[in-house]
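Down below is the structure, laid out as structure tokens.
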Amino acid sequence: MKRIKVVNNRLIGFNKQRDLNKAERVRKLIEEVINDIDFRNKVLKADFHDRRFIDESGNTTEITDNSIILEKLISGKEQYTGEEKDYEWDLRITLYRSITSEIGHRSKETIFTKKKKYRNLSDRFIASHWIHEYLHVIGFTHDYDRTRRRPYSVPYLIGNLASDTLESREFDFLT
Ligand SMILES: [Zn+2]
């Protein structure tokens, strides 16, 4: 099994030490979950209803084989950066202020997270959000209205599987 590294490649707007400390904790959680064998098996068995993948030229394809979805997930091949697959996730995160209700979004290779949500939500929640947005960075997409299949798209379903896996691990620590 290929071991993946996760790197906080570029952090913008993390003005306080506690913001940086949290980014490091979240980075470790993401690294833990994407290297977790149970998590990877969940991805291989996942029932995706939306498998669209947009390549760097803007062409949309459907990835029908879950093992290829998993391979893309661990490849570390971010779009818009010119990087090839290096099995290293480079997270580029910008914290921003806004009065909208969203937690964040992605623009090209950058993940945007609302500062207030970042500070108030749990490490696990932020890990799941960064994983979701990172799946956009590598090319996966979903519907932007609340369709029936949206929770079964690659970013939503994998983000939730990661959160579930981390939650069960927290439980392991307690018992
Ligand atoms: Zn999304």
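The values are calculated or read from the model by the stated rules, or taken from the named source; none is laboratory data. The shown structure was predicted, so the numbers you read here are calculated from the model rather than taken from an experiment. Here the Cβ positions follow ideal geometry from the backbone for every residue, glycine too, while neighbour counts run over all protein chains shown.
So the values come out like this:
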| quantity | calculated |
| --- | --- |
| Residue check, R169 farther than 26 Å from G82 by Cβ, among the charged types (D, E, K, R) and modelled with pLDDT under 95 | yes |
| Top-ranked residue of the range 108-128 - restricted to ones that are under 22 Å from F48 (Cα atoms) and either surrounded by 22 or more Cβ atoms within 10 Å (Cβ to Cβ) or of a type in the set (D, E) (or both), ranked as farthest from the ligand (Cβ to nearest atom) | A127 |
| Flag for F39 being in contact (Cβ under 8 Å) with a residue 60 or more places away in the chain and not in a helix (DSSP H, G or I) | no |
| Pairs with Cβ under 6 Å, 6+ apart, first in the range 135-156 and more than 25 Å from T81 (Cα to Cα), second within 12 Å of the ligand (Cβ to nearest atom) and in a loop (DSSP other than H, G, I, E, B) | R150/H142; R150/D143 |
| Restricting the range 132-161 to residues that are β-branched (V, I, T) and part of a helix (DSSP H, G or I), the residue that is surrounded by the fewest Cβ atoms within 10 Å (Cβ to Cβ) | V137 |
| Residue among N8, N66, N21 that is in contact (Cβ under 8 Å) with a residue 24 or more places away in the chain and among the polar types (S, T, N, Q) | N8 |
| Leading residue by the ranking (farthest from E71 (Cα to Cα)) among those in the range 1-36 that are acidic (D, E) and assigned to a helix (DSSP H, G or I) | D19 |
| Boolean, T165 is on the phi < 0 side of the Ramachandran plot, touching a Phe, Trp or Tyr at 6+ places or on another chain (Cβ under 8 Å) and either away from the ligand (no atom under 12 Å from the Cβ) or of a type in the set (K, R) (or both) | yes |
| Test result for L157, out of contact with any Gly (no Cβ under 8 Å at 6 or more places or on another chain) and within 12 Å of the ligand (Cβ to nearest atom) | yes |
| Test result for E78, at negative phi and in a helix (DSSP H, G or I) | no |
| From H132, H136, H105, residue being within 16 Å of the ligand (Cβ to nearest atom), within 13 Å of the chain's Cα centre (by Cα) and within 19 Å of N35 (Cβ to Cβ) | H132 |
